[in-house]
Amino acid sequence: MSDHGWVTTSPPAGAGDCIAAQAAGVFTTDEMRAALPANGNNTADKKPEAPPGWVAATPYDYNAYADSGAHEWESNAAKYEFDGETGDVGPEFPDLEIELFGEPGTRAKEGIDFSKIASIELFQEGPARVNPIASFQDAGLHPVMLKNVELAGYRNPTPIQRYCLPAIHLGYDVIGIAQTGSGKTAAYLIPILNKLMGKAKKLAAPRPNPATYQPGIDPPVRAEPLVVIVCPTRELAVQIFNEARKFCYRTMLRPCVVYGGGSYKDQAAQLQKGCDVLVASPGRLVHFMNDPRILTLRRVRYMVIDEADEMLDQDWKDDLDKIMSGGEGNINYMLFSATFPKGARELAKTHLAETHVRLRVGRAGSSHENIKQNIIYVDPSMKKQALIDLIRSLPPTRTIIFVNSKRTAEEVDDYLYNLGMPCTSMHSDRTQKEREASMRGFRSGKWPILIATGVSARGIDVRNVMHVINYDLPSMDHGGIEEYTHRIGRTGRIGHRGLASSFYSDRDEPIASVLTRTLIETNQEVPDFLQSYIPEGASATNLKFEADSDFEDEAAGTGGGDAGAGEGGWGADTDQNAGGDTGVGGDGWGSGHANGNGDGWGAVASNSAEVDAATSSNW
């Protein structure tokens, strides 16, 4: 019996041809047709039966989704509440502790290959530098926060956590460019909440006593959060909220979450009981900000923009500007992102202090070696059969299948369900009730196969996702290699190993070159059909990734000189008259000289050696 609740099995008989082809990296039409099971096409009147080792396939209960009283919104999830009469921290609640952190013995976040995460090179850049911590015990955490870290299963800080904790503790604004799965949510939650512990009574707005509060009788209060965390998707907002619930345990701090599609009435009711830590999607946050009787940001001390690179479209700009300008007084800003394009840099220039800490873990937008990446050539007409053969060729395990359209998500969901696979799907056309039910079923193992579009699954962090399948590779017009990195990053998180399988056809030729470079960068095997895209000569050792570059600035001559030789140089200021090389080589974040000032975004400091900070800033 596996840890998901279903038995692991050997591959089924009859799939041998496809398994062999998969191991070789190629599925051909003839091989897959030969491997088709005799009863491969279930008729509509047959009840789907789960293949050996999988839980039974169960249909959606659409009647439950239509019943307004049958759904418990994620925003109403239990959180630690006490009357505050016992001081700055409260007593333990064992039942809630198990709900938040899980049963003892199941709480470890860190995988057996954590050393590969811990050894990833981290660069400090910009005018301010901090000394990293070696352990959570060295971070100056309040004993209750340190206990919460232990309960959450964190044993050793990841690279982004080693630098982010002291940076926030010292009061710096922070930019963090970190690989997906690197632990950045905890990197900002732990130090921010720790800084507020013991200060809640002084800083927080008045609120009703939860021990005596009676809804509809006691007057509601206005939410005046001390921390606002903004992220692009509903599922990511709920995920961050669940992490905040853990780290707020036994503190005076009360977390809330608001997101589109959920019950406005329920979310307003939660806010009107008081809110210190607010996690939100932009649209719903602005909606509440427009009603100052319910919410105001005048007390905000910390504002975090998570997955900033996903909120740079023009459609989001007005909302983001309103949110980041909504606070009063001295606010610490944090921007976290897997990539850091021009729009994110402009956002940082506008709102962050000039003296800030800028951290980059590995190459911006890169992946890591804990994820084994298989690229499989599949004729588009045989994708569905290739998918079921691939699933059946491996032991049953929690799996995410990414597609590029809502229609394909529905088709793949129906196909797998009719073959008896326990699956669910999630995309933007599903109601929020359906999306939350899908995520609950996926987390619990009721539906261990999730079919999702890339946008709807942004930032999902579910334990024991062992396999990610790119049924469709992302197009270069919609995310490209950054989207690919986000997707495969749903597995192999915080030191765990994972498998990412991607179906490739001639239609995916635009992404072939950068995909090949990504495989080389992470020491993966390059299949025969991508061998022609392997760079030669100097390019083979100095891999270029166009996504890190700002070609618009380079084309316009900004900086007056080479910007990383076309490799992601951030460019010098537009008013520079004679810029030298800015970070020549690498990805343009190096210690090159801009206009002779010795800055060019500052020198680089890694885990192994600190370098003196530049004395001036291009900002």
Quiz item: Condition test on residue 282, is it farther than 28 Å from residue 143 by Cα and touching a residue at least 24 places away in the same chain (Cβ under 8 Å)?
Solution: yes
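Scanning for something part of a helix (DSSP H, G or I) and either in the same structural domain as residue 427 (by TED's automatic domain parsing) or in contact with a strand residue (DSSP E or B) (Cβ under 8 Å, 6 or more places away or on another chain) (or both), does the stretch 272-283 turn up at least one residue?
Yes, there is a match, as at least one residue in the stretch 272-283 is part of a helix (DSSP H, G or I) and either in the same structural domain as residue 427 (by TED's automatic domain parsing) or in contact with a strand residue (DSSP E or B) (Cβ under 8 Å, 6 or more places away or on another chain) (or both).
Please return the ranges of helices (runs of 4 or more DSSP H) entirely within the stretch 294-403 where 2 or more residues are of a type outside the set (A, V, I, L, M, F, W, C) and within 28 Å of residue 283 (Cβ to Cβ).
On the way: elements: 314-324, 342-351, 383-392.
Because the criterion is at least 2 residues that are of a type outside the set (A, V, I, L, M, F, W, C) and within 28 Å of residue 283 (Cβ to Cβ), the helices (runs of 4 or more DSSP H) in the stretch 294-403 that meet it are 314-324, 342-351.
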Exercise. Taking the residues in the stretch 241-267 that are at pLDDT 95 or above and among the aliphatic types (A, V, I, L, M) as candidates, determine which candidate is farthest from residue 280 (Cα to Cα).
Key: 244
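I want to confirm something. Restricting to the stretch 330-388 and keeping residues that are among the aromatic types (Phe, Trp, Tyr) and modelled with pLDDT of 85 or more, which single residue is nearest to residue 473 (Cα to Cα)?
377
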Quiz item: Does the stretch 95-128 hold any residues that are modelled with pLDDT of 90 or more and surrounded by 15 or more Cβ atoms within 10 Å (Cβ to Cβ), and which are they?
Solution: 96, 97, 100, 101
Practice problem: Those residues that are in a helix (DSSP H, G or I), in contact (Cβ under 8 Å) with a residue 12 or more places away in the chain and under 13 Å from residue 375 (Cα atoms), I need them from the stretch 518-539; list them, please. | Solution: 518, 519, 520, 528, 529, 530
Self-check item: Some residue of the stretch 193-216 being within 30 Å of residue 498 (Cα to Cα) and assigned by TED's automatic domain parsing to the domain that holds residue 101
Solution: no
Quiz prompt | Pairs where the first residue, in the stretch 432-454, is closer than 12 Å to residue 400 by Cα and the second is among the β-branched types (Val, Ile, Thr) and assigned to a loop (DSSP other than H, G, I, E, B), C-beta under 6 Å, 6+ apart | solution = 443/462
Practice problem: Could you run through the stretch 233-291 and say how many residues are under 23 Å from residue 98 (Cβ atoms) and among the aromatic types (Phe, Trp, Tyr)? | Solution: 3
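When residues of the stretch 161-177 are filtered for being under 14 Å from residue 190 (Cβ atoms) and either assigned to a helix (DSSP H, G or I) or of a type in the set (Asp, Glu) (or both), how many remain? Before you say what the answer is, go through the steps one by one.
Filtering the stretch 161-177 for residues under 14 Å from residue 190 (Cβ atoms) gives 161-169, 174, 176.
Now narrow it down to the ones that are either assigned to a helix (DSSP H, G or I) or of a type in the set (Asp, Glu) (or both): 161-169.
Adding up the residues that qualify gives 9.
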Practice problem: Test residue 412 against the stated conditions and say whether it is in contact with a Lys or Arg (Cβ under 8 Å, 6 or more places away or on another chain) and either under 18 Å from residue 472 (Cβ atoms) or buried (at least 24 other Cβ atoms within 10 Å of the Cβ) (or both). | Solution: yes
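Could you tell me which of the residues 508, 461, 477 is touching a helix residue (DSSP H, G or I) at 6+ places or on another chain (Cβ under 6 Å) and either of a type outside the set (Lys, Arg) or part of a loop (DSSP other than H, G, I, E, B) (or both)? Quick ask: steps written out before the conclusion?
Values: 508 fails: touching a helix residue (DSSP H, G or I) at 6+ places or on another chain (Cβ under 6 Å); 477 fails: touching a helix residue (DSSP H, G or I) at 6+ places or on another chain (Cβ under 6 Å).
461 is the lone residue from the list that is touching a helix residue (DSSP H, G or I) at 6+ places or on another chain (Cβ under 6 Å) and either of a type outside the set (Lys, Arg) or part of a loop (DSSP other than H, G, I, E, B) (or both).
The values are calculated or read from the model by the stated rules, or taken from the named source; none is laboratory data. Values in this document were obtained by computation on a predicted structure and should not be read as measured data. Cβ sites come from the backbone with ideal geometry, for glycine too, and all protein chains shown count toward neighbours.
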